[in-house]
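The structure under discussion appears below in the form of structure tokens.
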Amino acid sequence: MVKRHRLLRGLTTIGGALAILFGGFVVPAAAEPDTPVVYPSGSSGTRASRLAFDTCTAPSLSALAAWKGTSPYKAVNIYFGGNNRGCAQPNLTKAWVSKATRAGWRLLPTYVGYQPSCMYGSKPHHFTASNATARGTSDAKDAASRAKALGLRPGSALYADVEHYRRTSSSCRTAVRRYVSAWTKTLHAKGYLAGVYVHQNSGLRDLSDSYNWSSYARPDAVWMARWDGSKALTGWPTAPNSHWAVWQRAKQYRGDHDETWGGVTINIDSDKVRAPVATVSRTYTVTSPVGLHARSGPSTSYPVRRTHEPGKAIAVLCQAKGQKIGTTKVWNRLGGGLWVSDYYVSTPSRTGFTSGIPRCHYSGQVTASSLNARTGPGTSYAKKGSPLPRGALATVECQKTGSKVGTTRVWNRLRDGRWVSDYYVANRSNTTW
């Protein structure tokens, strides 16, 4: 028997909108290709727009420190699992993930699992059309488990490495689509976004061709290999700009080479990223003179669930606006899902958001062919900006009642301040919160 749950919600408004409190599991409201993510409590998305590098073995923290102030790169991949992963990872621990994130690096988690049987190269573990769904499912389960062990929180994007393969076999193309679909659906059920690293002439082409097919779940983001030196994230020859259009693309634009920064040389590939990445908590301390109440929502009107003693270390997952306390309206969502006022936490800012800590949001794929975004929660409000194409990630910060569309009056406020009807966003429900 499947149990249905509702999002926790309160009557207190946040900037005029009911807060999403990132609550429990529910039955998804949509199927392929726009499969919803089932976010557990204590999760949030993180996205990045910057240059990145990927390298086989996670660099030492000292190497990252040397590159941080001298190189143009602000993100780095981590090969965190998979039976075809080629390099040992002596540095890659939960502590490394935490310290690298605290130093300002964004992380692209990369999983090298089973590969297409028609791949170029000699990876030993493969999938075929007959077992691709099972392989994609098992790889995604293992990836979610390994991600959790490293402190990569639900809401993170995990990228399956699907190496370049021969497209002459229709069976192999089917196998890739089945593997990626299973990877996507399984990660979504675990609370993670699903990305995929692909070559422009194989994986990207085939996944773009099946972008709107109801037979397969669509991945949330693509990381494309094309070593032409161009950092452009549009104008790709094998995927139209309308596919993975909103913070859903990364490109590996230069292959295997050495770079030296701060006196440290690393063999890397170079990337441009504008996509979802890993969500990692940051540790701060309680600065209040008395116990700091952690509440079920970002306001003193929400019930107290726990109290943290002065000086206690707490894990901050993301930040959102709530009731003003002292000099700030910023509240911190903790790793366990509760909220505390930022006024009593040792984050650098006492008045606004702290740079580097992500804003709390959930991402869901757009299910309409073209979704208008508006200045407020209703069709009477003016349209604002470009419509969101199907499959775009709607980064939902909060919800509010508005004009009825389809089966719901719920509207979503996006990360950029625009509003879209929840009816056309793949999430827990298209009838209520």
**Asked** For the chain, what is the calculated [θ] at 222 nm in deg cm²/dmol (nearest 500), taking -39500 (n - 2.57) for each run of four or more DSSP H residues and dividing by its residue count?
**Response** -4500 deg cm²/dmol
**Fill in**
Non-local residues with an amide H under 5 Å from the amide H of residue 114, with H modelled 1.01 Å from N and Pro and chain starts lacking one, are 83
**GNM top mover of 297, 417, 151 - the chain, alpha-carbon springs below 10 Å** = 417
**Item:** Disulfide-incompatible cysteines by the Cβ rule (no partner under 4.7 Å) in the chain
**Value:** 398
**Of 126, 115, 136, farthest towards positive along the dipole that unit charges on Lys, Arg, Asp, Glu beta carbons give the stretch 47-276** = 136
**Prompt:** Using unit Cβ charges (K, R positive; D, E negative) and no other charged atoms, how large, in debye to the nearest 20, is the dipole of the chain about its Cα centre?
**Reply:** 1280 debye
**Asked** Under 29 Å from the Cα of residue 384, which lysines turn up, not counting those fewer than eight places away in the same chain?
**Response** 231, 251, 272, 321, 324, 329, 400, 404
**Request:** For a quick protection proxy, order the peptides 370-377, 233-240 by their average other-Cβ count within 10 Å, most packed first.
**Result:** 370-377, 233-240
**Gap separating the Cα centres of the stretch 126-142 and the stretch 76-112, nearest whole Å** = 22 Å
**Request:** Can you grab the distance from the C-alpha centre of the stretch 31-69 to the C-alpha centre of the stretch 362-433, Å, no decimals?
**Result:** 26 Å
**Request:** Mind checking the full-extension length gain between residue 257 and residue 130? Use 0.36 nm per residue of separation minus the Cα-Cα distance, one decimal, nm.
**Result:** 42.0 nm
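None of the figures in this text is laboratory data; all of them are computed from the coordinates on show. This is a predicted model, so every value here is computed, not measured. Positions of Cβ are backbone-derived with ideal geometry, glycine not excepted, and every protein chain shown enters the neighbour counts.
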